[in-house]
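Inspection log for the structure reproduced underneath, given as structure tokens.
Please treat every number below as a calculation from the coordinates, not as lab data. Note that the structure is a prediction, hence the values are computed from the model and not measured. In this analysis, Cβ positions are derived from the backbone assuming ideal geometry, glycine residues included, and neighbour counts consider all displayed protein chains.
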Amino acid sequence: MSATCEQWKRGHSPVTEGLFYPDDSFRSAWLDRGSRLLSIGERQTLPSDVAFVDLGSYESGRLQCPFGIIRWGGGPWEGEGWIALEDASGDLAWLLHLEDSEPFTQARFESDIIEAVAYEYPQMTVFQIPVLAPHETISTAESER
């Protein structure tokens with residue numbers, strides 16, 4: 001079992017931001033604080049010395065979908081959010097962990113797309129995440145009305 005999978009079973013994620021996969025590969029990911037636009041890099045091998053942080057105790061929601069279970073929440077630091085997909089057996093399919101995102105507060109599933117919201121006043125970002133291609137995620141900033 002990969003380090004990422006072992007740690008996920010314990011409720012942990014790599015401490016850095018990125019899009020993580022169960023085979024110990026990842027893509028760098030960063031959310032521009034001003035525009036709230038997400039950028040995701042090329043897939044590469046996770047360094048063997050990566051540190052992990054507890055996210056499980058910061059989970060704020062779960063949703064069953066045809067592909068498994070979508071889980072989301074925040075983290076131990078202010079302005080940190082994550083969303084993950086587990087397969088039907090509870091194994092990690094992918095995890096998007098963002099240090100510059102607010103906590104993910106809600107999600108819904110429709111037409112193979114996860115629409116997730118990261119919100120803490122006054123910042124709200126909406127993510128459109130293709131369930132089978134999370135590296136193609138797009139984000140938009142929403143303002144309070």
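Among the residues of the range 42-54, write down those that are assigned to a loop (DSSP other than H, G, I, E, B) and of a type in the set (D, E, K, R).
D49
So, in the range 20-61, of the ones that are in contact with a Phe, Trp or Tyr (Cβ under 6 Å, 6 or more places away or on another chain) and surrounded by 13 or more Cβ atoms within 10 Å (Cβ to Cβ), which residue ends up farthest from G74 (Cα to Cα)?
That would be L46.
Among residues belonging to the range 107-141 that are out of contact with any Leu (no Cβ under 8 Å at 6 or more places or on another chain) and acidic (D, E), point out the one that is farthest from A84 (Cα to Cα).
E120
Return yes or no: is L55 of a type outside the set (G, A, S) and over 16 Å from H12 (Cβ atoms)? Step through it out loud before you land on a result.
Numbers: of a type outside the set (G, A, S): yes; over 16 Å from H12 (Cβ atoms): no.
No; evaluated as a whole, the condition is false for this residue.
Name the pairs: first residue in the range 43-60 and over 15 Å from T16 (Cα atoms), second residue assigned to a loop (DSSP other than H, G, I, E, B) and not small (G, A, S), Cβ to Cβ under 7 Å, at least 6 apart or on different chains?
Short answer, once both residue conditions are applied: Y58/P76; S60/P103.
Do you know which residues across the range 1-41 are assigned to a loop (DSSP other than H, G, I, E, B) and of a type in the set (A, V, I, L, M)? Lay out the reasoning, then the answer.
Of the range 1-41, the ones assigned to a loop (DSSP other than H, G, I, E, B) are 1-2, 10-11, 15-17, 21-24, 32-37.
Within the range 1-41, M1, V15, L37 qualify.
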